[in-house]
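Report on one structure; see the data block that follows.
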Amino acid sequence: GRVLFRNTRAAIKGFPQRRVIAHPVILPETYKETFSNSNTTIDCLQPESLKTIKSHWLKVDTRIEWLANFLKQQKNQKILLITHYAETANQLSQSLKKQYGIATSVFHEQLSIVERDKRAADFADHETGIQLLICSEIGSEGRNFQFCHHIVLFDLPFNPDLLEQRIGRLDRIGQTKDIKIHVPYFENTAQQRLYEWYHHALNAFNSTCPAGSQIFMEHKDELEKMLDQNLISEQAFSEFVNKCKKQHNHLNQQMHEGRDKLLEYSSCRTDIAHQLVKRIEYLEQTSELKPYMTRLFDSYGVNIEEHKAGSYIINPAEHMIGQFPGLQEDGMTITFEREVALHHDDMHFISWDHPMVLNGTDMLLSNELGNTSVCSLKSDQLEPGQLIIQAIYIIESEVPADYQPYIQQQQLQALPIEFSYNEQANEIQLTINQSSIKTIDRQIARQVIQLKEKEIKLALDKMSQQLKLEASEYLKNHYISQNIILANEIDRLNSLKAINPQIRDEEIEFFRLQQQALEMAMNNPQHRLDAIRLIITT
């Protein structure tokens, strides 16, 4: 399309509230001297990384005791903790286990992707999973933990964009409850001042802060100086916070006044959106994908077994036929339910658009395995001892190379046509109850084919001749809706162009060429025999 719609939270509504909870803790005596001698105030934001503290910070840091007590208070709640360094995450996890007997899991950049997936899945498991996941800064990028409602910022990043990324792991679509943001900081230190600047100047904890990045870039050096308790008075810091707050309010007002309300209205019309959501939910609830893929896996020798509620483990079996597209050698965990996939990043969400489904279906349709059979049928419609030849032909379309850029492959889907002929090469109408069909011994089937080879070839020749005459008509009936859509779109753009000069001739010409390509495809059909079944009546 030529237009991209982007929405804002204010326009969409329905997102959960964010509430920050400050947890001031006492500054350890061993930290005071280090803080006063530190070259920069930025170092004091993550004191556990300083050389003079690094070796013994776990024994003296009062935030650890606070965290242990906090976890006991929130016993049945999932809690995400983010800290800047991977080393801090590992050490903190070990300390909680050793000092307080609290089992946690860590998630950081030094782990493999598979290991990260596993730990994220353990955290998401409400039945047997862990309570606390400790992440390094990488945990604030890309991973979604919207099933969790508590986030602990063990330290504060020196950038409002990074802060928003951290909170964004919980504050996203799928979050069902208000988010509680817990910020432990040392009293009367740079940590407290940075917290106050974020909270009072930018309101960065309780709401998104689109203006925060610009304000930070303009005042970065000044902000670093203001965090120093020894050089800058409380009054001077308060004046700086008020100055940034006024700028923040001004920028937000400019953004609000610059909103394109017509664009917002067009971006999300709630009445239409709700109808679409209901249709999607209905389609997913009534989808035949799960039984279809189960049969497909079984046909090609892929083991599938239940894992947890709503999920399955698939892996290659010893009798697997060839290589199933997308199936990993050591197996994989899949789910057909969107809600389960949202809570488990390690699971593959299988939908009709998943490559495994598309490629598996292509393999089924293009592979010759299973496209011939001989069987018997007990039917009241037909006399015993007759031979019925059933065949499925595929009608495909081709367009000249010059027109191929104007028509997508999915617009030229292959059209299957089924025929049923008796051994006299006359077409018959036959309704078959699949439960009445029985398999025939392979040796007998071979004898039937040898005995009736002439009749089978004659019936197939007549089917092919009939298709040559009628294939184009089949395609026109099949593509009639697409043709009408293109014609209506051309008429709509022509009418719109009369009153809107932004509609270009190239756009109208593109749809005209697409319509011509479709007409060429309908007038140039190709057919091939795809499957054949011989039925002996009993």
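Annotation note: Cβ proximity below 8 Å between a residue of region 331-343 that is buried (at least 19 other Cβ atoms within 10 Å of the Cβ) and a residue that is among the charged types (D, E, K, R) (sequence gap 6+ or interchain) occurs for Phe336/Lys290.
Within region 144-168, residues that are free of Cβ contacts under 8 Å to residues at least 60 places away in the same chain reach partners that are among the aliphatic types (A, V, I, L, M) and surrounded by 19 or more Cβ atoms within 10 Å (Cβ to Cβ) with beta carbons closer than 8 Å, at six or more positions or on different chains, in the pairs Pro160/Leu202; Pro160/Ala204; Pro160/Ile215; Leu163/Leu153; Leu163/Leu156; Leu163/Ala204; Glu164/Ala204.
Exactly one residue out of Met293, Met255 is part of a helix (DSSP H, G or I) and under 30 Å from Leu327 (Cα atoms): that is Met293. Glu48 meets the conditions (1) open to solvent by 10 Å² or more (accessible area, probe 1.4 Å); (2) touching a residue at least 40 places away in the same chain (Cβ under 8 Å); (3) touching a helix residue (DSSP H, G or I) at 6+ places or on another chain (Cβ under 6 Å) in every case but one. The failed one is (1). Just to check your reading of the model, which residue among Thr439, Thr372, Thr431 is touching a Cys at 6+ places or on another chain (Cβ under 7 Å) and surrounded by fewer than 17 Cβ atoms within 10 Å (Cβ to Cβ)? None of the other options fit; the residue is Thr439.
So which residues in region 229-250 are more than 14 Å from Leu202 (Cβ to Cβ) and either under 44 Å from the mean Cα position of the chain (by Cα) or open to solvent by 60 Å² or more (accessible area, probe 1.4 Å) (or both)? Of everything in region 229-250, those that are more than 14 Å from Leu202 (Cβ to Cβ) and either under 44 Å from the mean Cα position of the chain (by Cα) or open to solvent by 60 Å² or more (accessible area, probe 1.4 Å) (or both) turn out to be Asn230, Leu231, Ser233, Glu234, Gln235, Glu239.
Screening region 148-172 for residues that are at pLDDT 85 or above, assigned to a loop (DSSP other than H, G, I, E, B) and open to solvent by 20 Å² or more (accessible area, probe 1.4 Å) and picking the one that is nearest to His344 (Cα to Cα) gives Arg169. Checking each residue in region 51-61 for being open to solvent by 20 Å² or more (accessible area, probe 1.4 Å) and either of a type in the set (Lys, Arg) or more than 40 Å from the chain's Cα centre (by Cα) (or both) picks out Lys51, Thr52, Lys54, Ser55, His56, Lys59, Val60. Of the residues making up region 495-506, those that are outside any loop (DSSP other than H, G, I, E, B), surrounded by fewer than 12 Cβ atoms within 10 Å (Cβ to Cβ) and not hydroxyl-bearing (Ser, Thr, Tyr) number 2. Checked against the criterion of being farther than 21 Å from Tyr195 by Cβ, surrounded by fewer than 17 Cβ atoms within 10 Å (Cβ to Cβ), acidic (Asp, Glu) and over 28 Å from the mean Cα position of the chain (by Cα), region 70-88 contains one or more residues that satisfy it.
The values are calculated or read from the model by the stated rules, or taken from the named source; none is laboratory data. Here the structure is a predicted model, which means the values were calculated and not measured. Positions of Cβ are generated from backbone atoms using ideal geometry, with glycine treated the same way; all protein chains shown enter the neighbour counts. To get the accessible areas, we keep the full protein, side chains included, count just its heavy atoms, and leave off ligands, DNA and RNA. Shrake-Rupley method; radii C 1.70, N 1.55, O 1.52, S 1.80 Å.
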